[in-house]
Protein chains: 4
Amino acid sequence: MKKSCVVIGAGAGIGGAVGKKFAAEGYHVALCRRSDADGLSEMVGTLRANGGSASGHLLNAVEDDALEDLLLEVEAIAPVDTVVYNLGAQIGNRSLEETPLKTFELGWKMACLGLFRVARVVVPLMVARGHGTILVTSATAAVRGNSGQHSHAAAMAGRRMLCQTLNAEYAAQGLHVVHIVIDGAVDAPDTLGKMLGPERFEALRRTKGGEKDGLLLPEKIAETYFHLAQQHRSVWTHELDLRSYSDTPWWNHEINI
Amino acid sequence: MKKSCVVIGAGAGIGGAVGKKFAAEGYHVALCRRSDADGLSEMVGTLRANGGSASGHLLNAVEDDALEDLLLEVEAIAPVDTVVYNLGAQIGNRSLEETPLKTFELGWKMACLGLFRVARVVVPLMVARGHGTILVTSATAAVRGNSGQHSHAAAMAGRRMLCQTLNAEYAAQGLHVVHIVIDGAVDAPDTLGKMLGPERFEALRRTKGGEKDGLLLPEKIAETYFHLAQQHRSVWTHELDLRSYSDTPWWNHEINI
Amino acid sequence: MKKSCVVIGAGAGIGGAVGKKFAAEGYHVALCRRSDADGLSEMVGTLRANGGSASGHLLNAVEDDALEDLLLEVEAIAPVDTVVYNLGAQIGNRSLEETPLKTFELGWKMACLGLFRVARVVVPLMVARGHGTILVTSATAAVRGNSGQHSHAAAMAGRRMLCQTLNAEYAAQGLHVVHIVIDGAVDAPDTLGKMLGPERFEALRRTKGGEKDGLLLPEKIAETYFHLAQQHRSVWTHELDLRSYSDTPWWNHEINI
Amino acid sequence: MKKSCVVIGAGAGIGGAVGKKFAAEGYHVALCRRSDADGLSEMVGTLRANGGSASGHLLNAVEDDALEDLLLEVEAIAPVDTVVYNLGAQIGNRSLEETPLKTFELGWKMACLGLFRVARVVVPLMVARGHGTILVTSATAAVRGNSGQHSHAAAMAGRRMLCQTLNAEYAAQGLHVVHIVIDGAVDAPDTLGKMLGPERFEALRRTKGGEKDGLLLPEKIAETYFHLAQQHRSVWTHELDLRSYSDTPWWNHEINI
């Protein structure tokens, strides 16, 4: 029987590319996103046209029961083997004053509570089957705070530690959780593009993108996501970083003297 | 003019001991806790009896405006120079199923959102004065997740990253934020004692406490808190750990082969 | 033209398995080890019998010029595209008194200086070609010290930071360095087997090995090494961990209260 | 009876200032440095003139037996209670090609092997007395590599892990080891001044020093060193950072997008 891969946060970036890869490899792929029903239909159509099995789901992840219902819905289509938790919580750099409590809370709901809610539904199913994978897209902000990142860093750090608690409690029962630190700008019009606006995004693409390979390419990221999901249980990775060869890692900057 | 030190989470453990130390050193100390008006009065009385200046404040930190109102109230007594953010969010080890969404949310409100709310009020005041200190009591769970720590670790990791974002944005304007990792059991009847219950707490005291010094002593912790608050601005510490000499650090355990 | 993959430390564990994988994928594989010419010939023979290209090289890595000469020798066979630096420096747990200066120095020479020597030879060649990969097998000891690990931890930590310095200086010129934290016992008779002795090794295999998958399987590790070497340059990984699903990560242990 | 504090690396920077502080607090202070007998005599003279007990020792720390003999010599004056290991291994930024093997080795001998040699002599003495402190001055390079820091980072990372192994093995027997990350430029003519040369050093002082407090002041660092040595054994710190309020921490830099 087919097993399913649920992509939560499936736009024209990491989520979409990972979905495409898993569909090509034989999974039923459930693509979930907040809006743009037409875009979603098109993505589903493309996956099917390539011979894959796919379904599209609109959901507002911060709504009560939305994630829970979605997962049970997909489980009914095909057992959920893999979840790609790919909801971002980046809102650009905001000073403390420009970050209202509601914004701070929303960041946490997207980045951290949502993953917890997903885990509460799928982990028991996966443990009962003795196997399951949760691939968690994360960000530099999960490992170090920075100016203007109050909401983002606090939320993503929670996401990271949640990955560690789930791993500690369930790895030996077959749950493979991977925390993937995307340390750089992704060539993703749906997320980075929207945050920067079309002009700045195109400028960035001209400076670092294209043949320069300075932006992380979603379809190349997808290769590593798929590899992680296939690792034999004697050699699981829990955390890794991904960045362009030409980018400076988060821990490096101009040298102190 | 006297400056004040606000202790948020002032029970018979770290909070109370730090308050006592700062009062002895000349600060006005505002002791804040959720309940036990009599115990609070007694603490205030003791500080005053020793010649210190102190006030007591009951507050439910997760209530709307409670933290904000408190800080403005204390600011009116004496400018808030130092905040000791000492609210715990430890609820013991709970499996994923035993951790309802409400519990997970409450942990985050205590550990992370509360500090953010405090920062939004006091940081502008401190920056305007060119100096201020926020001493943040934290836990091992802020740096690594573990089985049963879903709520605690996700919440404390958010707390830690928030300390880093505040430091990145405001240190150069005079804000000294310190993230203090308490890596072990504190000899604190109000928190550890309540979590374990009287019997287990007394057993722990017999095994590790007293002359064995295996439990962190609050009045000794207070010495380091006070030192941190006095560090010259050319040599600020942002993060440090505290543990008993006889305890194993969080990163050590039985050796892999 | 074929490109070569040099495996420094090619025994019946990670090194041998990685060599086998790269040979199967079309690289010329240069297998290097300190002793056992017969075993080495047999490994080379097997790779060739499977249609691969391979050469065997005995070398004492701590001897002057040994690593340097080897690398130039292999470069003459086929350009060195990938180096797998797989020399261990584990000597079991030794108290401070049981660790003479010579032992401490030898550990550093194997773990750290050797990699530096390799880098001095191959990095200029790789940078001139605009591409090269150094896969560095590392250990838990690189990220945290522990009792009895004086030599091992100090040496492996040097190895880890050297990976970071090389990455910082040469990644943008096409050098992909990966620091791979093997966090657990590998099913490797040549290294773990020799350190434990045959009886303890067999006991370990019975307890955790075989179908239990509690020992890291070298041929499965090799899958991830190969994947890392193929990552597109827009999505390079610099550091990751590998452990059995049933093992406790290094940062977890029994909970402090 | 007086106890002694041995300062290994006692120039006109951290070492000298820490020596002065410990002498003022009643320790016999053994100041050790490589050269400048006159400067050393003067430092000793100043400490004595202030009523302190002090001795001066010239030593080449990388020579066989030099550290060992020194420590026994001081132990004969007064039991060694505290060692301040303050030897630097910074050689400025050197590319891979500009870092010969000898330089790489020398860095390791100063940063890492030297501390190991010290530990082999003093730890048994301290354990026998049930108490001793080793304060280890360290650098940003111990926690992250960077371009040009091949020798420095590999060596200091070894130093850091050695602190952790010593802590793991001996803390419960009374050995307090502290790894102190100096994350910024110290106002130290003997080290930074020599590395930069007088002109660049004076320019740096004008830009960041003086009332700007952007350079770490040695006498202020000394306050924290002394505090650490006095921490009650129920609340020991193992690692902390020190930096100027106006400096960016090593983990922060301009934000990725």
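The values are calculated or read from the model by the stated rules, or taken from the named source; none is laboratory data. What you see is a predicted model, and the numbers here were worked out from it, not measured in a lab. In this analysis, Cβ positions are derived from the backbone assuming ideal geometry, glycine residues included, and neighbour counts consider all displayed protein chains.
In region C:136-143, the count of residues that are part of a helix (DSSP H, G or I), under 18 Å from C:Leu59 (Cα atoms) and not hydrophobic (A, V, I, L, M, F, W, C) is zero. For region B:186-200, taking the residues that are outside any strand (DSSP E or B), of a type in the set (A, V, I, L, M) and closer than 20 Å to B:Leu135 by Cβ, the one that is farthest from the other protein chains (Cβ to nearest Cβ) is identified as B:Ala188. Can you tell me which condition C:Cys163 does not meet? The list is (1) in contact (Cβ under 8 Å) with a residue 60 or more places away in the chain; (2) surrounded by fewer than 24 Cβ atoms within 10 Å (Cβ to Cβ), and all the others hold. Condition not satisfied by C:Cys163: (2). Given the structure, is A:Val181 farther than 22 Å from C:His131 by Cβ, hydrophobic (A, V, I, L, M, F, W, C), away from chain B (no Cβ under 13 Å) and touching a Lys or Arg at 6+ places or on another chain (Cβ under 9 Å)? When the stated conditions are applied, A:Val181 passes them. Annotation note: Cβ proximity below 9 Å between a residue of region A:190-215 that is closer than 15 Å to A:Gly92 by Cβ and a residue that is among the aromatic types (Phe, Trp, Tyr) (sequence gap 6+ or interchain) occurs for A:Leu192/A:Phe201; A:Gly193/A:Phe201; A:Lys194/A:Phe201; A:Met195/A:Phe201.
Scanning region D:187-198 for residues that are at negative phi and either touching a helix residue (DSSP H, G or I) at 6+ places or on another chain (Cβ under 6 Å) or at pLDDT below 95 (or both) yields D:Ala188, D:Pro189, D:Asp190, D:Thr191, D:Leu192, D:Gly193, D:Lys194, D:Met195, D:Leu196, D:Pro198.
If you check B:Thr165, B:Thr133 for being touching a His at 6+ places or on another chain (Cβ under 6 Å) and either more than 7 Å from chain A (Cβ to nearest Cβ) or among the small types (Gly, Ala, Ser) (or both), only one passes: B:Thr133. Of all the criteria given as (1) more than 28 Å from C:Val121 (Cβ to Cβ); (2) under 18 Å from the mean Cα position of the chain (by Cα), the one not satisfied by D:Arg129 is (2). Quick check: is even one residue across region A:34-49 away from chain B (no Cβ under 14 Å), modelled with pLDDT under 95 and under 16 Å from the mean Cα position of the chain (by Cα)? So far as region A:34-49 goes, no, none of its residues is away from chain B (no Cβ under 14 Å), modelled with pLDDT under 95 and under 16 Å from the mean Cα position of the chain (by Cα). What do you reckon, is A:Met126 buried (at least 16 other Cβ atoms within 10 Å of the Cβ) and under 30 Å from B:Asp64 (Cβ atoms)? Answer is no for this residue. Comparison of B:Ala153, B:Ala203, B:Ala139, B:Ala172 shows that the only residue that is closer than 25 Å to D:Trp236 by Cα and at the interface with another protein chain (Cβ under 7 Å from one of its Cβ atoms) is B:Ala153. Filtered by the rule that a residue be more than 10 Å from chain A (Cβ to nearest Cβ) and either in contact with a strand residue (DSSP E or B) (Cβ under 7 Å, 6 or more places away or on another chain) or over 25 Å from A:Thr103 (Cα atoms) (or both), region B:95-127 gives B:Glu98, B:Val118, B:Val122, B:Leu125, B:Met126.
Residue-by-condition table, conditions (1) in contact with a helix residue (DSSP H, G or I) (Cβ under 9 Å, 6 or more places away or on another chain); (2) closer than 30 Å to D:Ala154 by Cβ; (3) surrounded by fewer than 19 Cβ atoms within 10 Å (Cβ to Cβ):
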site: C:Asp38; (1), (2), (3): no, no, yes
site: C:Met43; (1), (2), (3): yes, no, no
site: C:Arg48; (1), (2), (3): yes, no, yes
site: C:Gly51; (1), (2), (3): yes, no, yes
site: C:Val80; (1), (2), (3): yes, yes, no
site: C:Tyr85; (1), (2), (3): yes, yes, no
site: C:Arg94; (1), (2), (3): yes, yes, yes
site: C:Thr99; (1), (2), (3): yes, yes, no
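For first residues located in region A:1-17 and within 10 Å of A:Cys32 (Cα to Cα), partners that are aromatic (Phe, Trp, Tyr) and surrounded by 24 or more Cβ atoms within 10 Å (Cβ to Cβ) and lie 6+ apart or on another chain with Cβ distances below 6 Å form the pairs A:Ile8/A:Tyr85.
Determine, yes or no, whether D:Ala139 is without any contact (Cβ under 8 Å) to a residue 60 or more places away in the chain and under 17 Å from the mean Cα position of the chain (by Cα). Judged against the criteria, D:Ala139 is a match.
This table checks each residue for (1) in a helix (DSSP H, G or I); (2) within 30 Å of A:Thr248 (Cα to Cα).
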residue	(1), (2)
C:His179	no, yes
C:Ala203	yes, no
C:Thr207	yes, no
C:Glu211	yes, no
C:Tyr225	yes, yes
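Anything in region D:184-209 that is surrounded by fewer than 23 Cβ atoms within 10 Å (Cβ to Cβ) and of a type in the set (Asp, Glu)? List them, or say none. Once the filter is applied, which keeps residues that are surrounded by fewer than 23 Cβ atoms within 10 Å (Cβ to Cβ) and of a type in the set (Asp, Glu), region D:184-209 yields D:Asp190, D:Glu199, D:Glu202.
Scanning region C:58-98 for residues that are under 17 Å from C:Lys2 (Cβ atoms), of a type outside the set (A, V, I, L, M) and within 17 Å of the chain's Cα centre (by Cα) returns C:Asp81, C:Thr82. Using the structure shown, decide if A:Lys102 is over 17 Å from the mean Cα position of the chain (by Cα) and not in a loop (DSSP other than H, G, I, E, B). When the stated conditions are applied, A:Lys102 passes them. Under the condition of being within 14 Å of chain D (Cβ to nearest Cβ), surrounded by fewer than 19 Cβ atoms within 10 Å (Cβ to Cβ) and at negative phi, the residues counted in region A:210-257 number 5. Residue check, D:Gly88 against (1) within 17 Å of C:Phe104 (Cβ to Cβ); (2) modelled with pLDDT under 95, all met but one. Which one? Against the list (1) within 17 Å of C:Phe104 (Cβ to Cβ); (2) modelled with pLDDT under 95, D:Gly88 comes up short only on (1).
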